[in-house]
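Only one structure is covered here, and it is reproduced in the block below.
The values are calculated or read from the model by the stated rules, or taken from the named source; none is laboratory data. Quick caveat, the model's predicted, so the values are computed rather than measured. Cβ coordinates were reconstructed from backbone atoms using ideal geometry, including for glycine residues, and neighbour counts include every protein chain displayed.
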Amino acid sequence: MTSMEAYSTTRAGTFPERCAAAAGLALALVLLRLPFCFTVRAVRLARRVGCRRLTAAQADALITAVRHAGRLWPGRAACMETSLGAVLAAALLGRRLNWCLGVRFSPPPVEYHAWAELPGHGPVGEYTEAGWHHHTALTI
């Protein structure tokens, strides 16, 4: 993951979205310290709360807000933390995003990756235009 993807210097979203992004990232950082089965259960529970649809622009702004909040965290805030934080932030706002785990690749490198996506759409906030292809192993 490039530093441009991991840490956003632009502040995006409305004030409630930025607050939800900070809370979602904090919750994600706590959940990722627990066994993975608890994290999966928490995400499934949070996804039941969200019922309203997000547009692609709203989802992109939410992910950018989570990445911006990740700048304040002194530890790791990479793809796993930001994607889970975005899913939880969307749930706090009463909306729904999918949390996907899998791989992304272009011709030379292949890397494990986590991302958020809109139901029925592709990855949100990812650089798919640069030739990266995402293959999902698990969608929650």
Out of curiosity, is Arg53 at pLDDT below 90 and touching a strand residue (DSSP E or B) at 6+ places or on another chain (Cβ under 9 Å)?
yes
Among the residues of the stretch 3-22, write down those that are surrounded by fewer than 16 Cβ atoms within 10 Å (Cβ to Cβ) and either closer than 17 Å to Ala91 by Cβ or at pLDDT 75 or above (or both).
Thr14, Phe15, Pro16
Determine whether the stretch 53-73 contains at least one residue that is within 17 Å of Ala26 (Cβ to Cβ) and of a type in the set (Lys, Arg).
yes
When every residue in the stretch 40-61 that is hydrophobic (A, V, I, L, M, F, W, C) and part of a loop (DSSP other than H, G, I, E, B) is compared, the one surrounded by the most Cβ atoms within 10 Å (Cβ to Cβ) is Leu54
Selection from the stretch 72-99 of residues that are without any contact (Cβ under 8 Å) to a residue 60 or more places away in the chain and over 9 Å from the mean Cα position of the chain (by Cα):
Leu72, Trp73, Pro74, Gly75, Arg76, Gly94, Arg95, Arg96
By residue number, the members of the stretch 68-84 that are crowded, with 22+ Cβ neighbours inside 10 Å and closer than 19 Å to His121 by Cβ are Thr82, Ser83, Leu84
Would you please name the residue that is modelled with the highest pLDDT, looking only at residues in the stretch 103-131 that are of a type outside the set (A, V, I, L, M) and buried (at least 16 other Cβ atoms within 10 Å of the Cβ)?
Trp115
Run Ala90 past the list (1) farther than 20 Å from Gly122 by Cβ; (2) surrounded by 19 or more Cβ atoms within 10 Å (Cβ to Cβ) and report the number of the one that doesn't hold.
(1)
